[in-house]
Number of protein chains: 4
Amino acid sequence: MIIITRPDITDAQLDHLRERIEAAGLHTHLSRGEHRTIVGCIGDEARLEELPLRSIPGVESILPILKPYKLASREFVVNRTVVRVGEHASIGGHDLTIIAGPCSVENRAMLMETAVAVRSSGATILRGGAFKPRSSPYSFQGLGREALELLAAVRAETRLPVVTEVLDTRDVDLVAEHADMLQVGARNMQNYALLAELGRVQRPILLKRGLSATISELLMAAEYIMANGNHQIVLCERGIRTFERATRNTLDVSAIPVLKRESHLPVIVDPSHAGGDAKLVAPLAYAAIAAGADGLIVEVHPNPEDALSDGDQSLDFKAFASMMSRIPAFAIAAERSFQAPSWREALVGAGIA
Amino acid sequence: MIIITRPDITDAQLDHLRERIEAAGLHTHLSRGEHRTIVGCIGDEARLEELPLRSIPGVESILPILKPYKLASREFVVNRTVVRVGEHASIGGHDLTIIAGPCSVENRAMLMETAVAVRSSGATILRGGAFKPRSSPYSFQGLGREALELLAAVRAETRLPVVTEVLDTRDVDLVAEHADMLQVGARNMQNYALLAELGRVQRPILLKRGLSATISELLMAAEYIMANGNHQIVLCERGIRTFERATRNTLDVSAIPVLKRESHLPVIVDPSHAGGDAKLVAPLAYAAIAAGADGLIVEVHPNPEDALSDGDQSLDFKAFASMMSRIPAFAIAAERSFQAPSWREALVGAGIA
Amino acid sequence: MIIITRPDITDAQLDHLRERIEAAGLHTHLSRGEHRTIVGCIGDEARLEELPLRSIPGVESILPILKPYKLASREFVVNRTVVRVGEHASIGGHDLTIIAGPCSVENRAMLMETAVAVRSSGATILRGGAFKPRSSPYSFQGLGREALELLAAVRAETRLPVVTEVLDTRDVDLVAEHADMLQVGARNMQNYALLAELGRVQRPILLKRGLSATISELLMAAEYIMANGNHQIVLCERGIRTFERATRNTLDVSAIPVLKRESHLPVIVDPSHAGGDAKLVAPLAYAAIAAGADGLIVEVHPNPEDALSDGDQSLDFKAFASMMSRIPAFAIAAERSFQAPSWREALVGAGIA
Amino acid sequence: MIIITRPDITDAQLDHLRERIEAAGLHTHLSRGEHRTIVGCIGDEARLEELPLRSIPGVESILPILKPYKLASREFVVNRTVVRVGEHASIGGHDLTIIAGPCSVENRAMLMETAVAVRSSGATILRGGAFKPRSSPYSFQGLGREALELLAAVRAETRLPVVTEVLDTRDVDLVAEHADMLQVGARNMQNYALLAELGRVQRPILLKRGLSATISELLMAAEYIMANGNHQIVLCERGIRTFERATRNTLDVSAIPVLKRESHLPVIVDPSHAGGDAKLVAPLAYAAIAAGADGLIVEVHPNPEDALSDGDQSLDFKAFASMMSRIPAFAIAAERSFQAPSWREALVGAGIA
């Protein structure tokens, strides 16, 4: 950490500042320039972050040198993390991974029908909302426990692992019992009680970036879960809030290479929420893969006109299949692969798929 | 709700669109312009909001006419709501209300000392964090239950009602037992599980605006609590996230008159978090009162240099007293009052204060 | 245009409102709902936009139905515009077009060297700044007229048409004499004096999106030039300003499909300015092509360490060639083509290239 | 300037980095921490800013220490600048200054009528647009030269100095002949050709903050004018673009104290453009004064319903007078004064006002 002092700092103030830093167990190192004296602090920067240094007289500004996240950073873990989801799927390897399914689980028939359809187009993980964070208290809030049971039942039949969102610390165990992967939604990215609870779970976490969270804050949210014990985290860019309103959110496609540079964790993209418009899903999905994403999470519904939530941005089976048919070419261009995963062959061999 | 169709909509598509709307129990009404046919929908707009109308072929855009919030709107409740906090304090009347206290409750001595100091400068409600939402898992997370007990003890001695943040649905009852008012922090404004739980509590709620929440979303969060049964809500503007980084956040001072126009709920401002800098607290506080705020919530610490959290933006007792000494003049200019509340006189009469 | 009235509008106010609209030559059409009366306005919406309808008593809000741009819209021009640049290049056809060159023209040698290098990697248009918009008055401001002459000389030798920015209405004729295409920079996107002047020029315009311009405002800036007589416009997405600071700007990749849907004009992307970091140029370039862009504009410098401007985001020849070698695969995936353009063969035949 | 190196920097890279810096005439100073080596650069930081240091291998990030602006900073000029406008008015002293008038000059009668009305309510400078930056080419563009002549004529009669916007470098001399103060609009804040030209003018400049300009960029735009010779600049906060759409822009009220701390230049606020709504003008004006602004610029029109531009946000004479009647109380609270300026008494004595 580097502290830039004001041009009018007194010697007594400078001494006081150094004492505060040294009392926290760090060494200081002065560099007197023409206009400013700079105090370099050598030692455990995290201890300094706790101090309100800006409120000390004579201090102009503070420049942190180290990143605030450790466990999530590439400096800490050199090899890229591959997160396993269920028995057969994984995210972060050479193969791209496509997660697909309905926004909300509405009933068994539609869930089963969607699972089969997305699997046949190449998806290897099923998504489906049980608890829905809705901005209106008057909107459909999800089927809750019943949806979790339907997800588990459809998994048993299709062998697709399932991911679903958890909203409430009280539901974490229940959701972990039924799902293979737990999702933290954008609105809960800084719900620290929930993050801490998910650190204690033996399930991978799909962590969505908050609407106005910086890339660094997304990594700090991952750090929160990791520091509590769970290192199986997949990051998800899903659009940020900007001044532009032609699209629901603005997909921050640059976040993909930045996250891959900063962190060893896999990064996927949600083109459905980013654009908020079924017609934008395919171009945003292609852009995500081109920029280096490890996969996608896409909303698919048998009949979007009838969807109880997010129908505007859901693809029907035909549109999803059409998009998926073009993924392999983008995977090749991106020097990744996207193929029928071997477990699917095995299932076919076993007469299941 | 008004639906604007595409110029190339077919008659069959238009018929299909009208059937969908009428099936939801509304009447439709066509208006054919030169370039576009417009479908007006008459009836319960909320039922239409559930339908993914944008995904119906031939639809170009949807224009909602009614506000999505009802209970929070001035159309629903004509008189301004005055929220009582504890036995003696209230927010939303002619008098301004100042809430002050430390970011975190650190120990009994500092809390007591701060409570006495802010009370003597004119604050009538004490703030103090027990559970702290910290962006780093390595930062001080608050004293939890112990802090709640200290708050209750200091209230008993000072007669200042207390407000503190609740982060976890599992803590709601515990916090409600100890505090007079429960705060929802900015990062939890769309934590719907928490909002729903707070709807069931017999305590007023201090609802902070999310970092990137629109004014309409803040009112929907209030609606969420109200629809679950609790109508005692105070809204709090605390700065939004913008491209500007000279200040921690950007105080959206315009939100104050807009909220007062749209809603009957009281509106206060947190100048400490908005600017993130002790030197900005006073000018932002004055601006808030000038723009029509019903009060302030301010971080005060006996010695900000030693604060375990938010020291950079905390005022010491002298700076707080200095700011408070100028509030009456702004109150007069704003056609409000700010005076020693009558209960304090009563306490003096009773030999307490 | 649709006008939503307040619930408490009086009959006299409603009559006054209708009179104002009818005086502007439109018909009105009332629709009385449960909570609101809605006034539909049929006729020339542009005439209404001039009226300050919101200031008329009883009006709650105004909903425009038609887009404010006409000449730039796909409703007006059904076929996609292909913009020719110089004799041999064009933007907007099936082939992707790559524009490359230094941020600033520094001297003849570096410009010539760069032109030859980018041409051999597949660029077909040369960029180079003569007048530089620099945020500091103390920074290098470009070589001005001398740079224009160098651009023209290098074009004569390499047959690469050139694009360069114009900052001042007084320089428009001078720049048009020397360059094949004139660029409007992001900071001048709403410099209406300049836009109007460019409407009178016989040169295609490369119009960059402003840092905080909406997609609609970008199209209105194009409309400004078109309404003044010049319909040869290429739109350029170059990153918008958001709260995120890990990248210089946030590439709004969604703008590409939205612009292609709304307008017939070609759309290219500037990955150099969007990310502000040489390491991000390639992934953002690939994402842009995947999302449907018609081309790229990329900063290339013989030795970025020595660049007089934008060195941090410039590619050296090797990095540019490496990126270009991967473009064909993305072009194929995007169902576009990218090949040695026919004119280059002709040049080879003529012994020039 | 401080350079933070990557953990894997080699000795050769470090030597190369130091050579580059020393070749620019600065000294370097190494500080080896546990995780990073830091290179401090001592000397003329401006020379380093020209170098693309981030592109040098082994460099992780660059931390500038000094502010990029000098002439505009309080370190350079200790006393606050008071800008004189015409013979009698000034901005930046103890008295608040109110500028008012129509968005556009529409004709002589309305301009004269408005000037007399705003003067009688306490305004001391008249605003009026001659050249209007309109986002649509189909909107009223202002009367141009004719408006300038009307402004000069009304000034002669009312003795109110006038301020009007200049859009085009070619019009600078013409506008300077007629107006007492030249305005740079938000959309031209980074039109460097215009800023440079205004540096050569003997008239004070009203410099509006761009829609997405940071406070630092606003000061750099002032620096641009100052470095070209004109030090008479008034800064104007007029709302920034954010995600919030309940108001046209978001008034950044915090910018007022920050600008006053960073710069010696006067700061005024435009509450008309900030809110874009006549009903918000008064509360935002009061907030601006409370936060320390030196004055206001307000749009006033005899009949906003008939305004050719910005009618929605213009006050009529009654609303302006009502707002002005409450300014003295806010001025007192803000420890400023607002009184009938002495020159007006003189005019009264001379039988003019």
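The values are calculated or read from the model by the stated rules, or taken from the named source; none is laboratory data. Everything numeric in this text was worked out from a predicted model, so none of it was measured. So basically every Cβ, Gly included, is an ideal-geometry build from the backbone, and we count neighbours across all protein chains shown.
A compact table of results
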read-out	value
Pairs where the first residue, in the stretch D:311-334, is free of Cβ contacts under 8 Å to residues at least 40 places away in the same chain and the second is part of a helix (DSSP H, G or I) and basic (Lys, Arg), C-beta under 6 Å, 6+ apart	D:ASP312/C:ARG54
Any hit, the stretch A:297-309, residues being in contact with a strand residue (DSSP E or B) (Cβ under 7 Å, 6 or more places away or on another chain), over 30 Å from B:GLU19 (Cβ atoms) and part of a helix (DSSP H, G or I)	no
Hits in the stretch A:19-28 - residues which are among the aliphatic types (A, V, I, L, M) and in a loop (DSSP other than H, G, I, E, B)	A:ALA24, A:LEU26
Some residue of the stretch D:188-202 being more than 13 Å from every other protein chain (Cβ to nearest Cβ) and crowded, with 24+ Cβ neighbours inside 10 Å	no
Unmet requirement for B:LYS67, which otherwise passes all of (1) crowded, with 24+ Cβ neighbours inside 10 Å; (2) out of contact with any Lys or Arg (no Cβ under 9 Å at 6 or more places or on another chain); (3) under 21 Å from B:LEU235 (Cβ atoms)	(1)
Members of the stretch D:54-77 that are more than 19 Å from the chain's Cα centre (by Cα) and at the interface with another protein chain (Cβ under 8 Å from one of its Cβ atoms)	D:ARG54, D:SER55, D:ILE56, D:LEU63, D:ILE65, D:LEU66, D:GLU75
Near pairs, Cβ below 6 angstrom, 6+ apart or cross-chain, from the stretch A:87-108 (within 21 Å of A:GLU157 (Cβ to Cβ)) to any residue that is of a type in the set (Lys, Arg)	A:ILE99/A:ARG127; A:GLY101/A:ARG127; A:SER104/A:LYS132
Residues of the stretch D:226-248 satisfying the condition of being in contact with a strand residue (DSSP E or B) (Cβ under 6 Å, 6 or more places away or on another chain) and within 11 Å of chain C (Cβ to nearest Cβ)	D:ILE240, D:THR242
Answer residue from the stretch B:2-52, given it is acidic (Asp, Glu) and surrounded by fewer than 16 Cβ atoms within 10 Å (Cβ to Cβ) and is farthest from the other protein chains (Cβ to nearest Cβ) among those	B:ASP11
B:GLY210 being buried (at least 22 other Cβ atoms within 10 Å of the Cβ), assigned by TED's automatic domain parsing to the domain that holds B:THR250 and at positive phi	no
Within the stretch A:235-291, helices (runs of 4 or more DSSP H) holding 1 or more residues that are within 17 Å of C:LYS260 (Cα to Cα)	A:271-275, A:278-290
Lone unmet requirement of (1) surrounded by fewer than 20 Cβ atoms within 10 Å (Cβ to Cβ); (2) in contact with a helix residue (DSSP H, G or I) (Cβ under 7 Å, 6 or more places away or on another chain); (3) at pLDDT below 95; (4) of a type in the set (A, V, I, L, M, F, W, C) for B:ILE352	(2)
B:LEU296 vs. criteria of a type outside the set (Gly, Ala, Ser), farther than 22 Å from B:ALA115 by Cβ and in contact with a helix residue (DSSP H, G or I) (Cβ under 6 Å, 6 or more places away or on another chain)	no
Residue within the stretch C:263-276 that is over 15 Å from the mean Cα position of the chain (by Cα) and at the interface with chain A (Cβ under 9 Å from one of its Cβ atoms) present	yes
Some residue of the stretch C:265-277 being charged (D, E, K, R), within 27 Å of C:ALA333 (Cβ to Cβ) and modelled with pLDDT under 95	yes
Subset of the stretch C:109-163 [among the polar types (S, T, N, Q) and either closer than 17 Å to C:GLY86 by Cβ or more than 13 Å from every other protein chain (Cβ to nearest Cβ) (or both)]	C:THR114, C:SER120, C:SER121, C:THR124, C:THR158
Qualifying position, being touching a helix residue (DSSP H, G or I) at 6+ places or on another chain (Cβ under 9 Å), aliphatic (A, V, I, L, M), within 24 Å of A:GLY199 (Cβ to Cβ) and at pLDDT 95 or above, among A:LEU218, A:LEU280	A:LEU218
Any chance C:ALA179 is within 11 Å of chain D (Cβ to nearest Cβ) and either crowded, with 24+ Cβ neighbours inside 10 Å or within 14 Å of the chain's Cα centre (by Cα) (or both)	no
Some residue of the stretch A:37-47 being basic (Lys, Arg) and touching a Gly at 6+ places or on another chain (Cβ under 7 Å)	yes
Meets criteria (out of contact with any Ser or Thr (no Cβ under 6 Å at 6 or more places or on another chain), more than 14 Å from chain A (Cβ to nearest Cβ) and closer than 30 Å to B:GLN339 by Cα) for B:ILE99	yes
Single condition D:ARG134 does not satisfy, out of (1) crowded, with 23+ Cβ neighbours inside 10 Å; (2) within 30 Å of C:LYS70 (Cβ to Cβ); (3) in contact (Cβ under 8 Å) with a residue 40 or more places away in the chain; (4) of a type in the set (D, E, K, R)	(1)
Of residues in the stretch A:296-334 being among the polar types (S, T, N, Q) and away from chain B (no Cβ under 14 Å), the one surrounded by the fewest Cβ atoms within 10 Å (Cβ to Cβ)	A:SER325
Some residue of the stretch D:246-256 being out of contact with any helix residue (DSSP H, G or I) (no Cβ under 7 Å at 6 or more places or on another chain) and at pLDDT below 95	no
Residue identified as among the acidic types (Asp, Glu), touching a residue at least 60 places away in the same chain (Cβ under 8 Å) and in the same structural domain as A:VAL258 (by TED's automatic domain parsing) among A:ASP171, A:ASP180	A:ASP180
D:VAL166 being of a type in the set (Val, Ile, Thr), within 11 Å of chain C (Cβ to nearest Cβ), within 30 Å of C:GLU45 (Cα to Cα) and without any contact (Cβ under 8 Å) to a residue 60 or more places away in the chain	yes
Test: residue in the stretch D:205-216 that is more than 26 Å from D:PRO283 (Cβ to Cβ), out of contact with any Leu (no Cβ under 8 Å at 6 or more places or on another chain), touching a residue at least 60 places away in the same chain (Cβ under 8 Å) and away from chain C (no Cβ under 11 Å)	no
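Residues checked against (1) within 21 Å of D:ARG32 (Cβ to Cβ); (2) touching a Pro at 6+ places or on another chain (Cβ under 8 Å); (3) not in a strand (DSSP E or B):
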| residue | (1), (2), (3) |
| --- | --- |
| A:LEU17 | no, no, yes |
| A:LEU30 | yes, no, no |
| A:ARG47 | yes, no, yes |
| A:ILE62 | yes, no, no |
